1. In square nanometres, what is the average projected area of the Cα convex hull of the stretch 74-197?
2. Under a Cβ-Cβ cut-off of 13 Å, what is the net charge of the residues other than residue 100 that fall near it, where Lys and Arg count +1 and Asp and Glu count -1?
3. How many lysine pairs does the stretch 74-197 hold where the Cα atoms are under 12 Å apart and the two sit 8 or more places apart or on different chains?
4. GluC sites (Glu not before Pro) within the stretch 380-472: which are DSSP loop residues with at most 11 other Cβ atoms inside 10 Å?
5. Gap in Å between the Cα centre of the stretch 437-474 and the Cα centre of the stretch 183-217?
6. For the stretch 382-528, just say rounded, prolate or oblate: build the C-alpha gyration tensor, square-root its eigenvalues into a ≥ b ≥ c, call rounded for a/c under 1.5, and beyond that prolate if a/b exceeds b/c, oblate if not.
7. Just the number, please: percent antiparallel of the DSSP beta bridges in the stretch 382-528, rounded to the nearest 5.
8. Quick one: dipole size for the stretch 74-197, taken about the Cα centre, charges +1 on Lys/Arg Cβ and -1 on Asp/Glu Cβ, in debye to the nearest 20.
Amino acid sequence: MKFDKTIKLNYILNMKKRTRTNLIILIVITLIAAFDLVLVKNISDSEKKHEAELEQTVITASEQYINFFIENVVAIGKSIYTNSNIYDFLNKDYASALEYYDAFYELESNNYLIISENSSIKKCTVYTDNPTVLNGGNIMNLSGLKDEKWYVQFQKLSKPMILFCNKDTKTFSIIRKLDYYNLRTGECYLKLDLNNDTIQETLSKFDFEGELYIMSDGVLFYSNQPDVNDDDVNIGADYICYTQNYYSADMEFFAYSDNNSFLNSLRQNFIIEIIFLIILISGIIILSFIMKSYIIRIKKSVEFYDENRSFVGLPKEYIGDDDLGQLYMHCISLSDKLTLKQHEYERCRDILIKRSSSINELLISALSLDSVNSFIMKYPSDKYSYGDFTECIALEKEFEILFTLEKYGMKISADKNIDCENLFILPFSLASMAAYFMDYDKNAELNIECCDGFLIFDIKTDNKLPQSKVLKFHAVFENNFNQDISFKNGYEFNPFIRIKKYYATGVSEIISEENGFRFTIKINTDSLMR
């Protein structure tokens, strides 16, 4: 065995100096190439994962915004639908144009319909079968308009309210029949044209580096790509698709990222890369010359010694002034380049961390919007204040929201010694969690107190929850649950996921199934202070 090692060592020592030099250069090039390949692969994989998450996030955010926008218009339409003054105006038989315009200007002076036209509604129009009503302003006679597409679609679906998609103008309208009060002059309809400019402007602010399309029945209503029409859209298997029905109208959301952001970055820095390659190749050439010169000098020095058996009188050019120093400086140069590569990798890592933080903030916003919207729709009240649902509010304001549930049957008690002014919490967080249990027991009992540095949210119900729900609660509050999570619209556990995602390890839960069902959440008060 020792003999074999000696042969291998002698083979390396007896290798020709030129071959050894070329081998060293080849090893250096291979190491640099391998490092670049690993760096490129890691960054590329991270970009692909980030872009997949970004696609899902932009789809969810778009759908949430469209839903919020439509529901806002529906709420405005409801106020018109229940307005008795409009029904009084439509129920009259006008003997002359003068009598009609007197009533019309009185209605217009009260501004019932004009005030409805805002950033959400572009045009508000009431259509009536009353033959004595004249066309003008926000009032139109239905005679001769029953062949209009919106009217035909409304009659076909036979529903009290629909979302009509106009394929010709690529606009949306809420159509609702006015039948809150009895009308003896014939049918009347309310048509609210959505403001597409507001939708386009808001969606364009998402700054999504990819393709985002919103379509309905094969017609393109929004695209973040310039100068794109229906024929230019080619939806492939790589697109993420989400379909949502809004008042009998299906709307499809498509998102796709071309996964070329890293390649685009390389193309944008093409000149820098060429300069880097030139420097690298030049360094290798200089290194080969230095090593060749070093070998020649050593060879001549050995020959001189063989002839003279001494180094005395060795010519100065055989020694060289800075051959080892040059070799040392070249090694320093290579080390600096590797350090530069390391800094570039760290900068890329920091960019990815920032993008991940942005995604987390967007996820918190989506969870907040979904939870708050669900609560408001189910338990409306004029006591709510609408603002940024991701900004914490004082605990006393959250208690005001929470105590609105008492009129729906929930029994709520709170410790009077809680420092409500100095503790802050996500808006509608406690209220939306409490509302979840009212689906199982309208007379649920809720107690809130502060003990040993924790805010304790304790709720009891007489009815037990299904075991599948209990297991889901345990899963939500596991410490590793929020490592990799995607948003799901309308998910019943979104209020609890929101709390866990925002406070992370600062929140925990306790579940007891003795004598009904008891659910307790403990939130560290340190995380509730500003």
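1. Averaging across all directions leaves 7.4 nm² for the Cα convex hull.
2. -4
3. For the stretch 74-197, qualifying lysine pairs total 7.
4. Within the stretch 380-472, the qualifying GluC sites (Glu not before Pro) (loop, at most 11 other Cβ atoms within 10 Å) are 391, 421.
5. For the stretch 183-217 versus the stretch 437-474, the Cα centre distance is 40 Å.
6. Judged from the Cα gyration tensor, the stretch 382-528 comes out rounded (a/c under 1.5).
7. Percent antiparallel among DSSP bridges in the stretch 382-528 is about 85.
8. It comes to approximately 680 debye.
Just so you know, all these numbers are worked out from the coordinates, no wet-lab data involved. All of these numbers come straight from a predicted model, not from anything done at the bench. All Cβ positions, glycine included, derive from the backbone under ideal geometry; neighbour counts span all protein chains shown.
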